[in-house]
Amino acid sequence: MEKEIKVLKAVADPTRLRITCLLSGQKSLCVCEIINAMKMKQSAISKALKVLKEAGVILDEKKAQWVYYSLNREKGSPGYKILESIMSGAVKNPVIASDASALRQRLKKKCKGE
């Protein structure tokens, strides 16, 4: 039960919950995409990512000089069913919806060769 409590504490912060919701709709995102969508400083995003990673909520993968983050969707990951439940309600929040919209716009530009 300690793992589940750690997950709940990790997503109890608004910034970390927003990041988790952004990642739920994507395979993976780099820090710059998260920063752009949330319009926050890199240092705040990096601190939040560290907490989420330590709790087992997200995974990271280094590709060249970039680090990509993804939601830990493994069946055995701590509290994933809890996260699914939390995120299904959170996506209705206007701030989280705005983050998702900003990310979609960013990714459209990127795909068109920005």
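In segment 8-20, the residues that are more than 13 Å from ILE82 (Cα to Cα) and open to solvent by 50 Å² or more (accessible area, probe 1.4 Å) form no Cβ pair under 8 Å with any partner that is among the polar types (S, T, N, Q) and outside any helix (DSSP H, G or I), whether six or more places apart or across chains. Restricting SER28, SER24 to those that are in contact (Cβ under 8 Å) with a residue 12 or more places away in the chain, touching a Ser or Thr at 6+ places or on another chain (Cβ under 7 Å) and within 23 Å of LYS109 (Cβ to Cβ) reduces the list to SER28. Considering segment 4-20 alone, what residues qualify as being of a type outside the set (A, V, I, L, M) and under 16 Å from LYS50 (Cα atoms)? Those that are of a type outside the set (A, V, I, L, M) and under 16 Å from LYS50 (Cα atoms): LYS6, LYS9, ASP13, PRO14, THR15, ARG16, ARG18, THR20.
Just give me the residues in segment 23-37 being part of a helix (DSSP H, G or I) and either open to solvent by 10 Å² or more (accessible area, probe 1.4 Å) or in contact with a Cys (Cβ under 8 Å, 6 or more places away or on another chain) (or both), in sequence order.
Step one: list which residues in segment 23-37 are part of a helix (DSSP H, G or I), which gives 23-24, 31-37.
Residues satisfying the conditions are SER24, VAL31, CYS32, ILE35, ASN36.
The set of residues in segment 52-83 that are charged (D, E, K, R), without any contact (Cβ under 8 Å) to a residue 40 or more places away in the chain and either out of contact with any helix residue (DSSP H, G or I) (no Cβ under 9 Å at 6 or more places or on another chain) or assigned to a helix (DSSP H, G or I) (or both) comprises LYS53, GLU61, LYS62, LYS63, LYS75, LYS81.
Considering only residues of segment 60-84 that are open to solvent by 70 Å² or more (accessible area, probe 1.4 Å) and within 15 Å of the chain's Cα centre (by Cα), which is modelled with the lowest pLDDT? If you could, list the steps in order and put the result at the bottom.
Restricting attention to segment 60-84, the residues satisfying the condition of being open to solvent by 70 Å² or more (accessible area, probe 1.4 Å) are 61-66, 73-76, 81, 84.
Of the ones still in play, those that are also within 15 Å of the chain's Cα centre (by Cα) are 61, 73, 84.
Values: GLU61: 94, ARG73: 83, GLU84: 74.
Only one residue tops the list, namely GLU84.
Evaluating LEU49 against the criteria (1) assigned to a helix (DSSP H, G or I); (2) more than 18 Å from PRO14 (Cβ to Cβ) leaves one unmet condition, (2).
The values are calculated or read from the model by the stated rules, or taken from the named source; none is laboratory data. Quantities reported herein were computed from a predicted structural model and do not represent experimental measurements. Every residue, glycine among them, receives a Cβ derived from its backbone with ideal geometry; neighbour counts consider all protein chains shown. Just the protein is used for accessible areas: all its heavy atoms, side chains included, with ligands, DNA and RNA removed. Shrake-Rupley method; radii C 1.70, N 1.55, O 1.52, S 1.80 Å.
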